[in-house]
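The values are calculated or read from the model by the stated rules, or taken from the named source; none is laboratory data. Small disclaimer: the values here were computed from a predicted structure and weren't measured. Reconstructed Cβ throughout: ideal geometry from the backbone, glycine too, with neighbour counts over all protein chains shown.
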Amino acid sequence: MKVCDFSFRELDRKWVGFENRKACKKIAKKIKMKKLQCPIFGYFYIDTDNGLSLRIVGNIERDGRNKLYLDEALILDKELVLNYEFVEKMDVQILKDDVVENLDGANVLENKIESYYKNINNFLDTRNMQELDPFRNEESPDDVQVLLINKDDTPNELLWVRIEGIMDVKPDVLICKLLTGSYYNEEYVEDAMVGVKYFQEEEQLKIVGMLKRRSKN
């Protein structure tokens, strides 16, 4: 299957392998490590700023005891990250759990990536909300398109926001940061914080008001 055939939930925090020689050659050239052999392996994760990302870890080696391992120096010293768009049309295999469990070095990278998964304001819970899927950016699932209802005869607008969590006092309202500002309403500028709610009866995601920026401490 190709990368684009999987949902972001199926790829999130998964180890994968690329076995197509042409794809491997393209990956090796992109990360400037042309000596890498096929297959090439990597780890998918979601970067809140850059969306679904692939951390390349190179080749899986086998030691004298027939034990599989990764080059730990490569994991620690290289930031070999590819964006979703670069690999979306490539064939990929998701590694089975028993393979990963017996792969030396895998936990080193997983622990590094864990910094992207702080569940502040129940932020991670929003990725499980399937009602938001029709509004998500395919490459950046934390980014959703929302409707701003303007007053009087001013046209309504579709704006992009980045989800940052769920309100404690109103659990049906999402805490979001505007990625695009309003053309008509000067209050709704880029980086402003807004509340967003899904209205099931209308199947619509709407801005319900401005919010004060919350501390992430």
Restricting segment 126-155 to residues that are more than 18 Å from Gln200 (Cα to Cα) and loosely packed, with under 14 Cβ neighbours inside 10 Å, which is modelled with the highest pLDDT?
-> Pro155
Hey, any hits in segment 69-81 for a residue that's in a strand (DSSP E or B) and under 24 Å from the mean Cα position of the chain (by Cα)?
-> yes
In segment 20-53, what residues are over 20 Å from Ile75 (Cα atoms), in a loop (DSSP other than H, G, I, E, B) and either over 20 Å from the mean Cα position of the chain (by Cα) or not assigned by TED's automatic domain parsing to the domain that holds Asp71 (or both)?
-> Asn20
Residues of segment 21-53 classified as surrounded by fewer than 13 Cβ atoms within 10 Å (Cβ to Cβ) and at pLDDT below 90, total | 4
In segment 1-25, anything without any contact (Cβ under 8 Å) to a residue 24 or more places away in the chain and out of contact with any Lys or Arg (no Cβ under 9 Å at 6 or more places or on another chain) is listed as Asp5, Ser7, Arg21, Lys22, Cys24
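What do you reckon, is Asn102 within 30 Å of Leu179 (Cβ to Cβ), surrounded by fewer than 17 Cβ atoms within 10 Å (Cβ to Cβ) and among the polar types (S, T, N, Q)?
Here the answer is no, as Asn102 does not meet what is asked.
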